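Have a look at the structure below, then the notes.
FYI, it's all coordinate maths here, none of it is from the lab. Being a predicted model, the structure only gives us computed values, none of them experimental. With ideal geometry, Cβ positions are generated from the backbone for all residues, glycine too; neighbour counts draw on all protein chains shown.
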Amino acid sequence: MTIGLPKENSVFEQRTIEDIYSEIRDIYQRYPQPWVLGYSGGKDSTAVLQLVWKAIEGLPPGERQKNVFVIASDTGVETPVIVDYINNTLHRINETAEERGLPFQAEKIGPTLNDSFWVNLIGRGYPSPTARFRWCTDRLKINPANRFIEEKVTQHGEVIMVLGVRKTESATRMQLMNTYQVRDHLLRRHASLRGAYVYAPIADFSADDVWTYLLQVPSPWGSKNRDLAALYRSADSECPLVIDTSTPPCGNSRFGCWVCTVAERDSSMEALIDSGQEWMEPLLEFRELLARSTDPEHKRKFRDIRGRDGRVILMKNGKFAARTYKPEVSKQMLEQVLQIQKEIRENGPDPYATLISMKELLEIRRIWRVERQDWEDSVPKIFYKVNGYDPGWPVDDDGYFDMDHKALLDSVCREHDVPFELIARMLEAERQARGMARRAGIHKALAAELVREWRSETEILAEARQLSLFNR
């Protein structure tokens, strides 16, 4: 048992299920604010949703009119198995709620295109997340949930968030729940969202309490809780609705993202493969590739020493920091993801499974052409190489440079011994400013390009070695 956590005594030693239903009804009727219930498909959020459903269903029809919005976070990088499971569950929730006249409305929320995982990892070259650089959490989980909550706060003044969090999950979680507790109330203030309160019906549940309830009380919307238990044979954790950074990484969870490299291993995906889901093997192999790209011993192979801003950072140990993925690595990753998607559609449970969307491909194409000087327009070529057909790419009418321009510019740059990428980026800055009424920003943009580090990695490292020998 973790030091500082309460002992996992059963909540049912002190209370009955009817007591808990009564508490939920009391909170629902006492406060006028609508509820936003976070659902991940895992055991804790399923237990909370089921408790709330059963409690509200026990009210007279005239007393159960206040909305309960059920939101599931769609990061875009869950395994197809989990995506299918959650989609089916949300459909059942909405269908059953409408049939029975219950105030539940279930929907998925997700990141904006600009924040999506593939647009940042493959498009911009962000390195795969680590415990020290966990850039994915805000973009994929916190921001979408907060946008939804803020929208409801704007509409209704305040909301009550109903979450499947338990005090025995972690010392950090317990401290956070206690810190924002409203005295003599079951609600606590949200740590950062004004107008939002948090209610945790299973705060004092142990993990055994959760399973006891789920396996003894059938799902009211027609799902099978024993099927859920089967998914937990080798892992008993989940990724709850993430509303703050205290939530632990969930890469080893059945309900985490299949690309997560914050955790050392994805034991749950390994277990699924061992149980007969061999079609998931390419997913695990790609996840391990991402993990290697964060390993200090291997990341120099994958990543440039220059950042997106063109800077080179020399660390205290005398080595250069590895920054964004090299363009050629990003292209290889895109090809691999498309190939895995094709294999899953052919060999997996869903012939329409989507790992990377067409919208993401279009945005990656734009970023590569504008920010990474991909004048050969690689995305359509990679797509055709893997899939063998043209999906109908938009025709460029914005004056992008192409391979002929690249060949011409490359020859001129070689002749005058100037970096191709420098001139290419300056030409791109000028292209973007073309036609603007005010061109004041173009001088700043060109100046920013001139201060970047334009030497090759080989030249930079060679100079560093010479300086090291000189200073000995």
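Backbone N atoms of region 349-382 closer than 13 Å to the 7 Å Cα→Cβ label point of K342 belong to residues 381-382.
Peptide packing for 256-265, 37-46 was compared via the average number of neighbouring C-beta atoms within 10 Å per residue; ordered from the highest value, the list is 37-46, 256-265. Of the chymotrypsin sites (Phe, Trp or Tyr not before Pro) found in region 333-378, those in coil by DSSP whose Cβ has at most 13 other Cβ atoms within 10 Å are Y352. Per-residue ellipticity at 222 nm, computed for the chain from helices alone with -39500 (n - 2.57) per DSSP H run of at least four residues, works out to -14500 deg cm²/dmol. Helix 440-450 and the longest principal axis of the C-alpha atoms of the chain enclose an angle of approximately 70°.
Based on the mean of other beta carbon atoms within 10 Å per residue, what is the order of 191-204, 146-159, most packed first? Don't skip to the answer; put the middle values down first.
Working: 191-204: 18.9, 146-159: 16.1.
Ranking, from highest mean packing down: 191-204, 146-159.
Specify the angular offset, from 0 to 90 degrees and rounded to the nearest 10, of the alpha carbon long axis of helix 457-470 from the longest principal axis of the alpha carbons in the chain. On a 0 to 90 degree scale, this one is about 80. Relative to a virtual label point 7 Å from the Cα of N9 in the Cα→beta-carbon direction, which members of region 203-226 show backbone nitrogen distances below 20 Å? Under cut-off, by backbone N: 203-213.
So how do W393, W35 line up by other beta-carbon neighbours within 10 Å, fewest first? Intermediate values should be presented prior to the final figure.
On the way: W393 15, W35 23.
Placing the least packed residue first, the sequence is W393, W35.
Hey, rough spin-label estimate for R134 and L408, points 7 angstrom out along Cα→Cβ, what's it come to in nanometres? The two pseudo-label positions are separated by 5.1 nm.
Binning all Cα-Cα separations of region 11-231 at 10 Å, short to long from zero, yields these whole-percent fractions: 7, 31, 38, 20, 4, 0. If a spin label sat at a point 7 angstrom from the Cα of N88 along the line to its beta carbon, the backbone N atoms of region 194-227 nearer than 18 Å would be those of 218-227. Between D295 and A271, what's the calculated FRET efficiency when r is the beta-carbon distance and R0 is 30 Å? Round to 0.05. Plugging the Cβ-Cβ distance into 1/(1 + (r/R0)^6) gives 0.80. In this simple spin-label approximation, L59 and K385 carry label points 7 Å from Cα along the Cα→Cβ vector, and these lie 5.8 nm apart. For region 282-387, the normalised intensity computed at q = 0.20 Å⁻¹ comes to -1.12 (log10 of I(q)/I(0), Debye sum over alpha carbons, equal scatterers, no solvent).
At a threshold of 8 angstrom on Cα-Cα distance, excluding pairs fewer than six apart, so keeping six or more, what relative contact order does the chain reach in percent? Walk me through the numbers on the way to the answer.
Numbers: 656 pairs, mean separation 71.4, N = 472.
It rounds to 15 percent for the chain.
Work out, step by step, the length gained on full extension between A448 and E99: first 0.36 nm times the residue separation, then minus their alpha carbon distance; give nm to one decimal. Provide the component values of the computation, followed by the final result.
Numbers: separation 349, 0.36 × 349 = 125.64 nm, distance 6.05 nm.
So the extension gain works out to 119.6 nm.
Think of the chain as having a plus end and a minus end, set by charges on the Cβ of Lys, Arg, Asp and Glu; of Q432, L290, T261, Q432 sits farthest toward the positive end of this dipole.
In the chain, inverting the average of 1/r over every pair of distinct C-alpha atoms gives 25.2 Å as the Kirkwood radius.
Quick one: in region 403-464, what % of C-alpha pairs are over 19 Å apart?
Tail of the P(r) past 19 Å holds 44 percent of the pairs.
Provide the convex hull volume over Cα atoms per residue for region 349-415, in Å³. Can you show the working numbers first?
On the way: hull volume 7.6 nm³, N = 67.
Convex hull of Cα atoms, per residue: 113 Å³.
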